[in-house]
Amino acid sequence: MSVQETIFTSELAARFDKLVTIYPLRRSALVPMLLYAQDEKGYLSDEVITEIAQRIGITELDTRNVISYYSLLRTQPAGRYHVQVCTNISCMLRGANEIFDHCKKTLGIGNKQTTPDGMFSLEEVECIGACSWGPAAQVNYDYYENLTPEELDKVLEKCRASVVQEGKGSQA
Amino acid sequence: MADVTFTVDGKQITAPTGTLLIDACRKVGIEIPAFCYYPGLSLQAACRMCLVRIEKIPKLQTACTTPVAEGMIVATETDEIKQARKAMLELVLGNHPLDCPVCDAGGECELQDMTFKYGAAESFHTEMKQHREEQQWSPVVYFDRPRCILCYRCVRVCGEGMDVWALGVQNRGVTSIIAPNKEDHLECEECGACIDICPVGALTSGAYRYKTRPWEMNHVATICTHCGDGCKTTLGLRSVDDGVEIIRGDNRDKSGINGDFLCIKGRYSFDFANHKDRLTKPLVRRPDGNLAPATWEEALDYAGKRLAEVRDTRGGASIGVIGSNRTTNEENYLLQKFARKVLGTNNIDHHRTADYTSFARALAGHQDRAASLRDAGTAPAILLIGNDPTQQHPMLAWNLRTNVRLNRARLYVANHAEIKLLRQARASLAIPQDGYAGLIGYLAGDDSALAGTESSAAFREVIRKEENLLILFGSEYRGRDIDALVNFGLGLPNAKFACLSDYNNSRGAADMGLMPDLLPGYQPVASPAQFADEYGNLPQTGGLDLIAMFDAASRGELGALYVVGSNPVSRYNIAPGALKDTFLVVQDMFLTETAVLADVVLPAANLYEKTGTVTNTYGDLQLVKKAADKAGVRSDFELIVRLADRMGANPKELVSYGIGMRADLGQSRGVQSGESDRHAVWLAANHLEPKLSPFDPFAILDEIQRLVPDYQVDRLALLAGNDERTVPPLVHIDNASSKTRSDGVLPAQDTLFTSGTLGRYSSILDEVMESRETKSAGAAATTSLDVST
Amino acid sequence: MANLVSHPDVVPLLSMRFGKGASALDRYLELEGYQSARKALEMGPEWIISEMKASGLRGRGGAGFPTGMKWSFVPKQSEKPKYVLVNGDESEPGTCKDRLIFEHDPHSVIEGTIIAGLAISAKMGFIYLRGEYRYLLKIIERAIEDAYAKGFLGKNIFGSGRDFDIVSHTGAGAYEVGEESALMESLEGKRGIPRIRPPFPAVVGLYGGPTVINNAETIATVPHVLRIGSAEYAKLGSERNGGTRLFCLSGHVQRPGVYELPMGYNLKKMIYEVAGGIPGGKQLKAVVPGGSSTPVLLPSEIDIGMDFDQVAKAGSMLGSGGVVVLDESVCMVEFALRTIKFYQHESCGWCIPCREGTDWLKKTLTRFHSGGGVNKDIDNIKYLAENMLGKTFCPLGDAAAMPTIAFIKKFRKEFEDHLDGKPCPYAHTAESVLV
């Protein structure tokens, strides 16, 4: 199924055009496509779902069924920096709960909430495969390991700073 | 396939290789419980209720996914298994609300039944159950999430069964939920299959919910009054002030030709019977020109006197009779007998929606070539030309889909429109709307008959190689085109045919001689043979067809018109003035466009309020049982007899009652059943039942079976509620004279949500149409808003 | 990213290229890369499978099924295309080994996939990575590109006249997808619900074709088996447990990290010598030997060899190699709750016992841990777990039930200490875990 007017950037649209051709079945492209679309748009809006369903050739219901199964996929916006703290056993033993509590306090938000300025969102997540380097967190896709509350503050500060940097860049 | 022998609970069982253990056990009476397993739908192994112990396998196994194997030793009711089942129930009941006292499914809930059997009465959780508000998904479908046990039956019956795919599963784990296709509502065919298949009360119907408790209803299985497929629907009934009301329709016992399938009309569109505009008093046109209520005495007297007057002064040929395609065979037969014998006219017709006459002529002399509806579910290959079964024959469409899905049947579709069944088609051919006749020529080998392409040549090639092809055709084919089609098909080995028409007893109307030129069984009026012996004097020249009757009326040549259960004024766009010089008697449920012009209107019962038989479009004959009742109305059968009586005819000559054996019968028909009923069935089947009343349709069925050989079916099987095949029609039609014959077919083009005039009085159909319009209007508004911003 | 560790007992095979820049193809080739694939091409499928069988290599995903045997189940003739599917959906809590393989030695996965493809005559392979491993997806995509550029993938690989393609694929967050049939569903763009078996993947798998599914570590091991020879490889490990594996040590140890050690290596030694023992002079309380789904071991039970058979004999499982060490400060009720919370979150919800069972376990344990427990709860937890065990649609239910039963059995006293509104004796519990 072809899409007349895409809502994605031309790079992503071209990537999607290719993605559906590399599998024996078109539908295999669905999950990666959703994830990449989310990376670009921030979340899976109704428009995103409509276009992806069209690209794959399935119903929107079917698309939503799949989206709601995978924990990385979301249909609501998250913060610009999505802070995901692992609290599973290995991390827990090394202080993950304290890290998570620290995040809540520092950011002033609870689990699955977003700061009013849209900068940060926070989520307690399951094991992210950093067990030997816990406690660990992911900010968007980046890993931060052997965390302490102080380390975490630095990470958050770095996020804030890079937004300021970007802002300056675009003004120049 | 070869059989295997294995042991279940110490009992030796033999079953074909590949049979699922659960089915093999159920067949011999070993009940293995299951929520998710449903015959004919894909396997889930999700509810874990059917766990059994199979020797040499370490873990308990699901009987629903285990094929039987030679020498297998199975235990299904040990303590270990009982405990496993009990534990599953305890887990389900952890969140399932115990609102059974107000749940629609209470009393017919599979979860209740299993809890009853396996215990699980103890509750050991202190946490709250999860509660969510109930949601309305459509006028038909309501969803109560906490009750849902996630067996996925609804998802599968909607997707695999209906090919609608309107239900999905969302989220995961304990938050898993059944979701409708439009986020907060459903857009679907509103068949209600999801509701009936739900083992608990998670899905309930807008038509039935909170109306009664299941055990407070009586149940009568009868035939749906809507389309030509003739599904069996089991009506749930309760007594009300003015009779017996229908509150539910389903076919959960899977008896009948349709198994548990029903469309929205079969399940819910019985509600016209309770419409506020239902006529319950006869109406007579007063000198002031207005229709006003009258007594039965007055109305019948008046109608009978005037009809007799017209007959006696202007002759039978100046009277017309229009019958119905929703009345019973007995009523149709009686109506034509009344027309010909009492009124002395062949001016009799009905709204024809398929050319059965040509079909009968084309098939004459060929054995076993007429298909049953059942054949669509078993034929290895099907050619569907014209029609849109999804809209017009939902049960046929179900059979075709199921046949393709489960038996890998090869479905070939030729149509001018993009019909939904193309999704199941192995091969298809798009033809122009006027290309149906050409298609047959083309299939038969005439390349010039259709603008052929490579794909059409391939299509022809595969069709011509098929053996045991079932050919289904719609009203696109009439007259000589049917001959051509049948001739082509007869050239293929074992091909069978079915001609698709639009209404519940369209076939019966044609079979029973509601035709100006044909007597019952397609016997030409010019050679009445056994009918002459039976009826005495008969008019032997062909009468006026429906259109000609109205033409004659507008010329002032039709003195009287008797319309039974039909609304020709609306259907044929008759100018109301056309009938100003015609004495019009109408029998109907409602004051239709036709009835409003009448001099006498007689309030009639509908198909659910009477007994008799109907024939579906495939020629399957089925029993109609009286289910509901409405004070003030009478069956068309009774009204015809009474009218004849008022005209001075001898009712005994019309209906041969008062003969047979005397016996202690008790209640023989209606909503009661029991021993005396079965006794009566046997007597009736053996023609021993005394027909004590002139209003007994079985007296006429005796006569039909005596005079119309097609209808000589096994009466006991018929009365037991089975569908019985009528054999192909008679051979009497004269080829020479039929060349000039007009087929008179006017397709109804109903959709899933319409049903002629009757459909307009169904509030559920109304609501569905309305909600779809609102929803699509809403969607359009949103879209335009997007554009503007 | 993740720091590497070493110890004299480490036998670097899988880890021989870690930290050596081998994600670059040239470097991989310098370090004996793609020699096994060439050899496999030369020797043919039967030789590959017999080598794999002789090596004693058993699946590193957790079940420990002999790899060579698994490959031999794939029918030689098939109407539908055959596939190799690499399971890189590493998600079992306590497990972080595949991550290192993909990061430091992606070509070993590619080479292993090619060899598995040759063994079963498949023309296509898929490498499925969990969605969280986005940075690894980039690494493996790059490695695949390089391999194509060199002619190691695509048409006529290594000039052999044979074709083989590899597609890398990302998941989007679901532990259940690590189950092999759910993995296939997920790769086909569906919800990760396991399939009914039989048919098994070796006969009807991905896209309906015969499919070999192996854990990423297993696949990465394959080139090494052929490189050093099956006999040599088998010798490294213990009886019926060939070779080495990556053990992920986490929790209360001095030097947590991923160590490649021979199969059958002593668990006590692993904790006290390789990982440096318990920090802060604390006492050992318990060990989860193979990822969070494996039954917990008491300090008295850890003097065992870490291979599939010996750990099973001790009443637990070798699982995915995730060794989680708990010191005396850990509240076992809290630990049990956190374990169950995971399985509750990750249950796909398909079958009743897992969907409802994990949720009731979580609810009961949550209440129990926060001081609302009554004596009957302890038996109820055990009853729930026992009634899930062996009755669920896939092993996830067992993964939740098995550790729960062990926690109750081995730490019942600690559960009893929480009764009757008494505060948790290990007061450091953060509030998060109670959510």
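The values are calculated or read from the model by the stated rules, or taken from the named source; none is laboratory data. Keep in mind it's a predicted model, so treat the numbers as computed, not measured. Note that each Cβ is placed from the backbone with ideal geometry, even for glycine, and that neighbours are counted across all protein chains shown. Heads up: the accessible areas ignore ligands, DNA and RNA and are worked out on the full protein's heavy atoms, side chains in. Shrake-Rupley method; radii C 1.70, N 1.55, O 1.52, S 1.80 Å.
Go through region A:123-146 and report how many residues are closer than 23 Å to C:Gly94 by Cβ, open to solvent by 10 Å² or more (accessible area, probe 1.4 Å) and assigned to a loop (DSSP other than H, G, I, E, B).
The number of residues fulfilling the criteria is 4.
Check C:Arg60 against each of (1) open to solvent by 50 Å² or more (accessible area, probe 1.4 Å); (2) under 9 Å from the mean Cα position of the chain (by Cα) and name the one condition it does not meet.
(1)
May I ask you to list the residues in region B:432-491 that are in contact with a strand residue (DSSP E or B) (Cβ under 8 Å, 6 or more places away or on another chain) and aromatic (Phe, Trp, Tyr)?
Hits for region B:432-491 are B:Tyr436, B:Phe459, B:Phe473, B:Tyr477.
Restricting the first residue to region A:122-135 and requiring it to be facing chain C (nearest Cβ under 7 Å), which pairs with a second residue that is surrounded by 24 or more Cβ atoms within 10 Å (Cβ to Cβ) and acidic (Asp, Glu) meet a Cβ separation below 6 Å and a spacing of at least six or different chains?
A:Ile128/C:Glu132; A:Gly129/C:Glu90
How do the pairs read when you match residues in region C:178-201 that are within 13 Å of chain A (Cβ to nearest Cβ) and assigned to a helix (DSSP H, G or I) with residues anywhere that are open to solvent by 20 Å² or more (accessible area, probe 1.4 Å) and among the basic types (Lys, Arg), using Cβ under 8 Å and keeping only pairs 6 or more apart or on different chains?
C:Ala182/C:Arg195; C:Met184/C:Arg195; C:Glu185/C:Arg191; C:Glu185/C:Arg195
Considering each residue of region C:335-349, count those that are more than 14 Å from chain B (Cβ to nearest Cβ) and either without any contact (Cβ under 8 Å) to a residue 40 or more places away in the chain or open to solvent by 10 Å² or more (accessible area, probe 1.4 Å) (or both), and give that number.
The total comes to 0.
Kindly evaluate B:Val585 against the criterion of being buried (at least 17 other Cβ atoms within 10 Å of the Cβ), of a type in the set (Val, Ile, Thr), in contact with a Phe, Trp or Tyr (Cβ under 7 Å, 6 or more places away or on another chain) and assigned to a strand (DSSP E or B). Please lay out each step first, then the result.
Values: buried (at least 17 other Cβ atoms within 10 Å of the Cβ): yes; of a type in the set (Val, Ile, Thr): yes; in contact with a Phe, Trp or Tyr (Cβ under 7 Å, 6 or more places away or on another chain): yes; assigned to a strand (DSSP E or B): yes.
Answer is yes for this residue.
Looking at C:Gly277, C:Gly291, C:Gly315, which is the one that is in a loop (DSSP other than H, G, I, E, B) and either open to solvent by 10 Å² or more (accessible area, probe 1.4 Å) or within 14 Å of chain B (Cβ to nearest Cβ) (or both)?
C:Gly315
Being open to solvent by less than 20 Å² (accessible area, probe 1.4 Å), part of a loop (DSSP other than H, G, I, E, B) and of a type in the set (D, E, K, R) is the filter here, so list the residues in region B:600-633 that pass it.
Answer for region B:600-633, where residues must be open to solvent by less than 20 Å² (accessible area, probe 1.4 Å), part of a loop (DSSP other than H, G, I, E, B) and of a type in the set (D, E, K, R): just B:Lys610.
Sort out which residues of region B:261-294 are basic (Lys, Arg) and in a strand (DSSP E or B), and write them in order of number.
Residue satisfying the conditions is B:Arg285 alone.
For B:Glu31, indicate whether it is away from chain C (no Cβ under 14 Å), of a type outside the set (Lys, Arg), touching a residue at least 12 places away in the same chain (Cβ under 8 Å) and over 28 Å from B:Asn403 (Cβ atoms).
Details: away from chain C (no Cβ under 14 Å): yes; of a type outside the set (Lys, Arg): yes; touching a residue at least 12 places away in the same chain (Cβ under 8 Å): no; over 28 Å from B:Asn403 (Cβ atoms): yes.
So B:Glu31 fails the test.
Of these, B:Arg326, B:Arg405, which one is of a type outside the set (Asp, Glu), touching a residue at least 40 places away in the same chain (Cβ under 8 Å) and either surrounded by fewer than 24 Cβ atoms within 10 Å (Cβ to Cβ) or part of a helix (DSSP H, G or I) (or both)?
Working: B:Arg326 fails: either surrounded by fewer than 24 Cβ atoms within 10 Å (Cβ to Cβ) or part of a helix (DSSP H, G or I) (or both).
The unique qualifying residue is B:Arg405.
For region C:364-408, enumerate the residues that are within 11 Å of chain B (Cβ to nearest Cβ), open to solvent by 40 Å² or more (accessible area, probe 1.4 Å) and charged (D, E, K, R).
Answer for region C:364-408, where residues must be within 11 Å of chain B (Cβ to nearest Cβ), open to solvent by 40 Å² or more (accessible area, probe 1.4 Å) and charged (D, E, K, R): C:Arg367, C:Lys376, C:Asp379, C:Glu386.
Would you call C:Phe65 touching a residue at least 12 places away in the same chain (Cβ under 8 Å) and surrounded by fewer than 24 Cβ atoms within 10 Å (Cβ to Cβ)? Break it down stepwise before answering.
Working: touching a residue at least 12 places away in the same chain (Cβ under 8 Å): no; surrounded by fewer than 24 Cβ atoms within 10 Å (Cβ to Cβ): yes.
Against the criterion (touching a residue at least 12 places away in the same chain (Cβ under 8 Å) and surrounded by fewer than 24 Cβ atoms within 10 Å (Cβ to Cβ)), C:Phe65 does not qualify.
For region A:63-88, how many residues meet the condition of being at the interface with chain C (Cβ under 9 Å from one of its Cβ atoms) and either open to solvent by 20 Å² or more (accessible area, probe 1.4 Å) or out of contact with any strand residue (DSSP E or B) (no Cβ under 6 Å at 6 or more places or on another chain) (or both)?
Qualifying residue count for the region: 9.
Filter region C:128-163 down to the residues that are over 21 Å from C:Leu41 (Cα atoms) and in contact with a strand residue (DSSP E or B) (Cβ under 9 Å, 6 or more places away or on another chain) and list them by number.
C:Tyr128, C:Leu129, C:Arg130, C:Gly131, C:Glu132, C:Tyr133, C:Arg134, C:Tyr135, C:Leu136, C:Leu137, C:Ile140, C:Glu141
Among the listed residues B:Ile463, B:Ile471, identify the single one that is part of a helix (DSSP H, G or I) and closer than 23 Å to B:Ala354 by Cβ.
B:Ile463
Which of the following residues is in contact (Cβ under 8 Å) with a residue 24 or more places away in the chain, away from every other protein chain (no Cβ under 14 Å) and surrounded by fewer than 21 Cβ atoms within 10 Å (Cβ to Cβ): C:Leu14, C:Leu41, C:Leu25?
C:Leu41
Only one of these is within 26 Å of the chain's Cα centre (by Cα), outside any loop (DSSP other than H, G, I, E, B) and among the aliphatic types (A, V, I, L, M): B:Ile482, B:Ile440. Name it. Reasoning before the result, please.
Values: B:Ile440 fails: within 26 Å of the chain's Cα centre (by Cα).
Answer to the selection: B:Ile482.
For a quick check of your reading: which helices (runs of 4 or more DSSP H) sit entirely within region B:49-167 and have at least 3 residues that are farther than 17 Å from C:Glu356 by Cβ, open to solvent by less than 10 Å² (accessible area, probe 1.4 Å) and in contact with a strand residue (DSSP E or B) (Cβ under 9 Å, 6 or more places away or on another chain)?
The helices (runs of 4 or more DSSP H) meeting that bar number zero.
Considering only region C:109-126, how many residues are polar (S, T, N, Q) and touching a Lys or Arg at 6+ places or on another chain (Cβ under 7 Å)?
1
Cβ-Cβ distance below 8 Å, separation of 6 or more or different chains: which pairs start in region B:203-229 with a residue that is touching a residue at least 24 places away in the same chain (Cβ under 8 Å) and end on one that is of a type in the set (Lys, Arg) and assigned to a loop (DSSP other than H, G, I, E, B)?
Partner pairs satisfying both residue conditions: B:Val220/B:Lys625; B:Val220/B:Lys626; B:Ala221/B:Lys625; B:Thr222/B:Lys625; B:Thr222/B:Lys626; B:Thr225/B:Arg326.
Looking at region A:138-163, I want the residues that are within 19 Å of A:Leu72 (Cβ to Cβ) and have a partner that is of a type in the set (A, V, I, L, M) and open to solvent by 60 Å² or more (accessible area, probe 1.4 Å) with Cβ atoms under 8 Å, at least 6 apart or on another chain. Which pairs are those?
A:Tyr143/C:Met1
What number of residues within region C:97-154 satisfy the criterion of being more than 11 Å from C:Leu25 (Cα to Cα), buried (at least 22 other Cβ atoms within 10 Å of the Cβ), more than 11 Å from every other protein chain (Cβ to nearest Cβ) and hydroxyl-bearing (Ser, Thr, Tyr)?
Total meeting the criteria: 1.
Among the candidates B:Leu597, B:Leu546, B:Leu538, B:Leu558, single out the residue that is modelled with pLDDT of 95 or more, of a type in the set (A, V, I, L, M), touching a helix residue (DSSP H, G or I) at 6+ places or on another chain (Cβ under 7 Å) and open to solvent by 10 Å² or more (accessible area, probe 1.4 Å).
After applying the criteria, what remains is B:Leu597.
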